[in-house]
Amino acid sequence: MRRFFSILCMDLKNLFKNPVLLGYNTLFAVLFILIMGYLCGGDYEHMSDAYQYYGVSFMIFGMLEGAMTASNCFMERDIKKPNLRIIYSPVGPTAVWLSKLTASFLFDYVLHLLLLAVLCPSLHITLGLHPLYFIALMAPVEFVSAAFGIFFCCVFHCEETTSTLLSTVISIFGFLGGTFFPTDGLGRTVALLSRFSPVRWLNDAFFSLACDNNSSYVLPVLIGTVVISAVLLGGCRLLFKTEDYL
């Protein structure tokens with residue numbers, strides 16, 4: 001266990017030294033929320049309502065984008081050589097993918113909490129009467145996203161392929177789920193397709209907490225993310241092969 005925590009600390013340091021990942025999870029998110037909130041402010045009764053919508057919706061999208069962080073942490077070329085040393089060390093191969101998953105989860109979760117700490121008071125974004133429910137529900141979503149990214153790496157064994165597929169899938173889910181603009185006015189077909197987007201389900205859960213003070217979605221989301229995480233972890237354990245790094 002001590003060796004695992006040493007590897008985890010190394011992975012966290014690598015992530016926090018990556019300017020691209022830091023910028024995407026902070027500056028890009030802030031700019032997106034500010035620009036979209038400003039441009040679409042006329043569609044809402046108050047400008048703060050636009051910032052509320054894009055603050056929550058893009059936070060959800062950012063959580064799912066954690067899969068990209070995990071794939072970068074797992075398969076980046078500069079990390080493969082240290083991973084090789086870990087594979088043949090006494091700690092075993094499982095520590096490679098599990099430490100990357102845990103580090104990616106902690107990295108994204110911490111940055112998103114800091115983002116909320118800045119945006120909520122400055123843009124008057126509310127998390128509801130029970131903000132701890134909102135914050136707590138973020139954790140399993142962040143974790144399952146990281147697990148999803150690691151699982152894709154174990155399946156495709158290539159950072160470029162994994163990143164392209166993840167980016168495409170998450171962007172489609174984000175579009176159908178209403179990350180960039182509400183899809184309710186785009187017709188029945190889009191409305192029907194949006195029901196198959198995990199982003200739409202998460203939007204319902206988090207907006208219910210933030211705007212309606214309704215916690216009825218918390219348990220279903222929690223159970224769903226735990227079950228999916230268990231399946232993905234089992235898949236990573238089954239599919240990860242040391243020769244993929246050779």
Exercise for review: Using a 1.4 angstrom probe, figure out how much accessible area segment 1-68 has per residue, in square angstrom, rounded to the nearest whole.
Suggested key: 54
Exercise for review: Name the longest site-free stretch of the chain, where the excluded sites are GluC sites (Glu not before Pro) in a DSSP loop with no more than 15 other beta-carbon atoms within 10 Å.
Suggested key: 77-246
Study note, to complete from the structure: Most fluctuating of D108, D11, D49 in the GNM of the chain (C-alpha, under 10 Å) is D49
Point to revise | Accessible surface of segment 139-246 [probe 1.4 Å, protein heavy atoms]: carbon and sulfur percent | key: 69
Practice item. Choose one of F61, S145, P93: the residue whose Cα lies farthest towards the positive end of the charge dipole of the chain (beta-carbon charges +1 Lys, Arg; -1 Asp, Glu; about the Cα centre). Key: P93
**Study point:** Projected label distance in nm at Y38 and S208, using a 7 Å step from Cα toward the beta-carbon
**Key:** 3.5
Exercise for review: Work out, step by step, the length gained on full extension between E45 and S167: first 0.36 nm times the residue separation, then minus their alpha carbon distance; give nm to one decimal.
Suggested key: 40.6 nm
Study note, to complete from the structure: What helix-only [θ] at 222 nm does the chain give? Using -39500 (n - 2.57) per DSSP H run of at least 4, over all residues, to the nearest 500, the answer is -25500 deg cm²/dmol
Review point. Let a ≥ b ≥ c be the square roots of the eigenvalues of the Cα gyration tensor of segment 106-246; is it rounded (a/c under 1.5), or, if not, prolate (a/b larger than b/c) or oblate?
Key: prolate
Point to revise | Computed magnitude of the charge dipole of the chain (debye, nearest 20; Cβ of K, R +1, Cβ of D, E -1) | key: 920
Exercise for review: Select from H46, S122, V169 the residue farthest towards the positive end of the dipole of the chain; place +1 on Cβ of Lys and Arg, -1 on Cβ of Asp and Glu, and compute about the Cα centre.
Suggested key: V169
Point to revise | Degrees between helix 77-87 axis and first principal axis of the chain (Cα, 0 to 90, nearest 10) | key: 50
Check your understanding: So what are the ³J(HN,Hα) numbers for segment 130-139, from phi and the Karplus equation (6.51, -1.76, 1.60; θ = phi - 60°), rounded to whole Hz, Gly and Pro as x?
Key -> 10, x, 5, 4, 4, 5, 5, 5, 5, 4
Review point. Looking at segment 163-219, which trypsin sites (Lys or Arg not before Pro) are in a loop (DSSP not H, G, I, E or B) and have at most 13 other Cβ atoms within 10 Å?
Key: R195
Check your understanding: Tell me, which longest segment in the chain has none of the chymotrypsin sites (Phe, Trp or Tyr not before Pro) that fall in DSSP loops with at most 12 further Cβ atoms within 10 Å?
Key -> 89-195
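The values are calculated or read from the model by the stated rules, or taken from the named source; none is laboratory data. Since the structure is predicted, the reported quantities are computational estimates derived from the model, not experimental observations. Neighbour counts run over all protein chains shown; Cβ positions are idealised from the backbone, glycine included. Protein only, heavy atoms only, side chains kept; ligands, DNA and RNA dropped before computing areas. Shrake-Rupley method; radii C 1.70, N 1.55, O 1.52, S 1.80 Å.
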